[in-house]
1. Within region 117-150, which GluC sites (Glu not before Pro) sit in a loop by DSSP and count at most 16 neighbouring Cβ atoms inside 10 Å?
2. Arranged by the count of other C-beta atoms within 10 angstrom, fewest first, what order do Asp133, Asp214, Asp97 take?
3. Count neighbours as other Cβ atoms within 10 Å of each site's Cβ, and list the GluC sites (Glu not before Pro) in region 387-453 that are DSSP loop with at most 16 such neighbours.
4. Fewest Cβ neighbours within 10 Å first, please rank Phe355, Phe221, Phe137 accordingly.
5. Let me know the shape class of region 205-306, please: from the alpha-carbon gyration tensor, a ≥ b ≥ c as square roots of the eigenvalues, rounded when a/c is under 1.5, otherwise prolate if a/b is greater than b/c, or oblate.
6. Any lysines with Cα under 19 Å of the Lys600 Cα? List them, leaving off those in the same chain fewer than 8 positions away.
7. Which entries of Lys180/Lys209; Lys103/Lys180; Lys295/Lys392; Lys416/Lys568 have Cα-Cα distances beyond 26 Å here?
8. For region 370-514, what is the convex hull volume of its Cα atoms per residue in Å³?
Amino acid sequence: MYGNTGKILKINLSTGEMREEYYDEEFAGMFLGGNGLAAKLIYDNVPSDVDPFAPENAIVFTTGPLTGTPVWGTSRGHMATISPYTNLFADSNYGGDFGAAQKKTGFDAVYITGKSPGPVYLLITEEGGKIKDGTRFWGKDTEETIAALEEEEGKGSVCASIGPAGENGILFANIICGGKRYGAAGRAGMGTVMGAKNLKAIVAKGSKKTEVADMDGLKNFLKEQFQVLKKNTVGTTSLGTPSLINILNSRGILCTHNNTRETFEHAQDISGELIKEKYTEKNIACHGCPVACGKKVHVPEGEYAGESVKMPEYETLYAMGAMLDNRDIVSIFNGNHVCDLMGMDTISMGVTLSFVAECMERGIVSETEIGGRVNFADGNGMVNLIKKTVKKEGIGKYLAMGSQRLSGNFGKDSYKYLYSVQGLECAGHSARGLREMSLAYSTSTRGGSHHDGRPNYGVPQQPDPGFDSQPEYVIRSQASCTVADSLVMCRFTVEKGLGEFGGLIGENMVKILNYVTGWNLDVKDLEKIGERIYNLERLINVGRGINRKDGILSYRVMHEPIPDGPSKGRYCAKEDLDRMLDKYYALRGWDQNGIPTNEKLAELGLNNAQSGC
């Protein structure tokens, strides 16, 4: 078999048992790897009613058929679990070098269950896995842990680690993955699950190479396509994802002041252009990627004054900047670095802070009630609140709950000020201004994620495209995201390097997969694979009680039009969402409660999966 190895390593931390399992090419043709492999393992092995903190829950690290090939943006890895934050299936595509290192061990998947009696880390090599004592690393930050373990395990080893946030059970803790450019497996508490298992880190070390069916054909194709990649990523290489700040603000879709408005008058102060002009030291890239969208920035003052740290991505600038009315870029550098060291999701952190700030502004909750205060436009205060959250100290024990649980705690009309779907705070791609994102968030497996369905920035958003065409687009976009996460590829190399804007599957993605695997797929075949995997993810969530009612958008998105700016007047009324959902479910072959029908499952070859109908 080309691309994949067909090997899975299963580890039970409670018993210490390890065993290898195998799959064949037919299975690979149905689920590819990465996201598809992780979803299949969780669906087949994790009880549908599992408590996310229970030993029976699993966290799965996977690679795809493109991992370890010359294709740009394929050093990435994927992971999945049942989220302690949303109580649903959650997965994450992450950068850095850990995915490539795992592929070199020969294991396409490392499936981890159980709970160790004490802190441990895992070493994964071509010979299998070893459980090693991790007591001396417990309490250390991610940077310290990664550096120490990579030195200890020697040349070629790459570490993925949680920080104190995961150890302390912060519900939106993440996992930081080593490499020249660190990657974060964020959103929905991936690091929380590792912490619950007393698993501090995983180190991968191997030398196996990914076998490619037609290496000459693949290299020739990449050579021909390289200029397309360079042309389409000029802005990304120059500014990184912060290039979006001024672009989205100019379109009136940069969520600001807890999404009360969508233009930020101080956007230039947190923009990619300003960061490049005043703070950028050098570009950094994931393994083998010519785009180099990451940057190192100099911190002139505050917590990490004088240090060179990873530049905040657009999502962090949105969550810690515009949503908090915070124009202090240096405070965002410091807050982002605290989150990276502690292992904590910056989107959920920032949006939770902005939610609490508005609730306090409106008198819904007082400083006395929660032991502290959150203010808008207070960068230094934000950094201190992040540190309190990691320790669950004072107000931090409330912030650690996240906005959805806090709304339940605050009561009154606090629900009107949430910006989340299915318990997960929305990313920085407007659910009101971008018509496709209204439906994409509503039907996302993860909730408020921008990686299940993509914003259609490749197509001008003026005039208003309306809602009627969105169900078809969102279904195709979700198929593309699912396939890319299963191959495993970076969004930029799919959307820009392959010239497939809007994230839709095109001929170039199919060509690359066929060169690597020796298969003879076409676009429709690959879309069908994406559909199969997305239905499997939906089934996991259906088993945990998800249906149509859970696709509701936040109150402000459905009741309050954007008040000013270029996108003034846009929102997604309930009747518009219902109309889109009716059409979306019909196109999906799901019933009107959002449950995949047995007929659809049979069509996708998921005959043994039960829809609950």
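1. Filter output for region 117-150: Glu126, Glu127.
2. Values: Asp133 12, Asp214 15, Asp97 24.
Ascending Cβ contact count within 10 Å gives the list Asp133, Asp214, Asp97.
3. Values: sites: Glu393, Glu425, Glu436; in loops: Glu393.
Counting only loop positions with at most 16 other Cβ atoms within 10 Å, the GluC sites (Glu not before Pro) in region 387-453 are Glu393.
4. Values: Phe355 27, Phe221 17, Phe137 23.
In order of increasing Cβ crowding within 10 Å: Phe221, Phe137, Phe355.
5. Prolate shape, in that a/c is at least 1.5 and a/b is the bigger ratio.
6. Output for Lys600: Lys40, Lys524, Lys528, Lys583.
7. Values: Lys180/Lys209 20 Å; Lys103/Lys180 17 Å; Lys295/Lys392 31 Å; Lys416/Lys568 20 Å.
Too far apart for the 26 Å limit: Lys295/Lys392.
8. Values: hull volume 22.2 nm³, N = 145.
With only Cα atoms used, region 370-514 gives 153 Å³ per residue.
Each value in this text was obtained by applying a stated rule to the coordinates, not by laboratory testing. From a predicted model like this one, the values you see are computed outputs, not experimental measurements. Note that each Cβ is placed from the backbone with ideal geometry, even for glycine, and that neighbours are counted across all protein chains shown.
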